[in-house]
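All remarks here apply to the structure that follows.
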Amino acid sequence: MVTLAAAPDLIAEGSSLRVREVSKSFAPADGNVAERGEETRALERVTLSVAAGELVSLVGPSGCGKSTLLRLIAGLDAPGAGELWVGPEPITAPSAERGLVFQDPNLFPWLTVRRNIEAGLVARGVLREKRNEVDEFMRLVGLEKFAGAFPHHLSGGMAQRVALARALINHPKVLLLDEPLGALDAFTRMKMQDEVLRLWRARRTTMLLVTHDIDEAIYMSDRIVILTPSPGRIERIIAVDLERPRQRSSPEFLRLRGDILELLHFAGSTAAA
Ligand SMILES: Nc1ncnc2c1ncn2[C@@H]1O[C@H](COP(=O)(O)OP(=O)(O)O)[C@@H](O)[C@H]1O
Ligand SMILES: [Mg+2]
């Protein structure tokens, strides 16, 4: 167990994140709006502030713009309107300071666990100076015994730990998680939720977590952002004022769960009408 006081270089402060009046539309597949009709309004006037070190979940049905919002924050795409900042910096391009982890860990199958974690450092040309950190991060995610293993030998949960270590080694100010636990079985998933919470606490990274799983959102988040589709916009932001570690079957937890389900159901039925 790494104690934070003994390892000050392991402490990284996350940055605040601001999304202001952000809209994003996509043209129909053939690009012909006139003939094919409407553009997809993936996001419409989305405004959201996340404090440094906060863990916020995005919840909503498929197609409500969750991944689009993460891509804009990652700098992989530009908004049609509106502005995005990390701390005082406007987001204009991708940066290692904004790490992304997807449902598919996307490991290089021909590289060992260690080489997979090092890959980003190699790409940035900083492996020589950062090599000693690779061991720290493998320890941080509990993979030190698997440094020489190849991805096909790893369970889904372990592969996702590699993906988390690979993102965290860049000391991201914001970590963007797009359904990172979505492919795991229920038991592994709950264990990994605790793991992500532990990393969040250890690193103090600002985290934005997309999830379909309402229990996961309540268990993990400081706040839950509920999105609705067509156009993708924020329906409600719910603060989760429950002490951690949270009890999944406590009355407060279940009440919140019921409220969110009702909200999503109601939002879904109005969107379909
Ligand atoms: N590159 C793209 N081109 C066209 N349409 C897109 C593109 N990316 C997303 N969309 C559309 O935008 C909407 C939001 O998508 P997405 O952000 O992936 O939703 P979510 O992650 O919440 O399921 C969907 O209707 C989707 O089909
Ligand atoms: Mg998505």
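The values are calculated or read from the model by the stated rules, or taken from the named source; none is laboratory data. The structure presented is a predicted model; accordingly, all values stated were derived computationally and were not measured. With ideal geometry, Cβ positions are generated from the backbone for all residues, glycine too; neighbour counts draw on all protein chains shown.
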Report summary line: Log entry, pairs with first residue in the stretch 13-29 being free of Cβ contacts under 8 Å to residues at least 24 places away in the same chain, second being of a type in the set (Ser, Thr, Tyr), beta carbons closer than 6 Å, six or more apart or on different chains, reads 26/40
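In the stretch 124-154, how many are outside any loop (DSSP other than H, G, I, E, B) and not polar (S, T, N, Q)?
Of the residues in that region, 19 qualify.
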Query raised in the report: Are any of the residues in the stretch 181-190 without any contact (Cβ under 8 Å) to a residue 24 or more places away in the chain, closer than 30 Å to residue 135 by Cβ and more than 19 Å from the chain's Cα centre (by Cα)?
Result: yes
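Between 176, 227, which is farther than 30 Å from residue 121 by Cα, modelled with pLDDT of 95 or more and within 16 Å of ligand 2 (Cβ to nearest atom)? I'd like the intermediate steps shown before the answer.
Details: 176 fails: farther than 30 Å from residue 121 by Cα.
Only one candidate passes the filter, namely 227.
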**Report entry** Unmet criterion (only one of (1) assigned by TED's automatic domain parsing to the domain that holds residue 22; (2) within 16 Å of ligand 2 (Cβ to nearest atom)) for residue 50
**Finding:** (2)
Query raised in the report: Counting only residues that are within 13 Å of ligand 2 (Cβ to nearest atom) and at positive phi, which one in the stretch 61-79 is surrounded by the fewest Cβ atoms within 10 Å (Cβ to Cβ)?
Result: 63
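Return yes or no: is residue 143 crowded, with 23+ Cβ neighbours inside 10 Å and within 22 Å of residue 198 (Cα to Cα)?
Numbers: crowded, with 23+ Cβ neighbours inside 10 Å: no; within 22 Å of residue 198 (Cα to Cα): yes.
Here the answer is no, as residue 143 does not meet what is asked.
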Requested in this report: Select from the stretch 196-212 the residues that are crowded, with 19+ Cβ neighbours inside 10 Å and either more than 16 Å from ligand 1 (Cβ to nearest atom) or assigned by TED's automatic domain parsing to the domain that holds residue 138 (or both) and list them in ascending order.
Outcome: 196, 199, 200, 203, 205, 206, 207
Query raised in the report: Which of the residues that make up the stretch 42-57 are more than 8 Å from ligand 1 (Cβ to nearest atom) and in a strand (DSSP E or B)?
Result: 44, 45, 46, 47, 48, 49, 50, 55, 56, 57
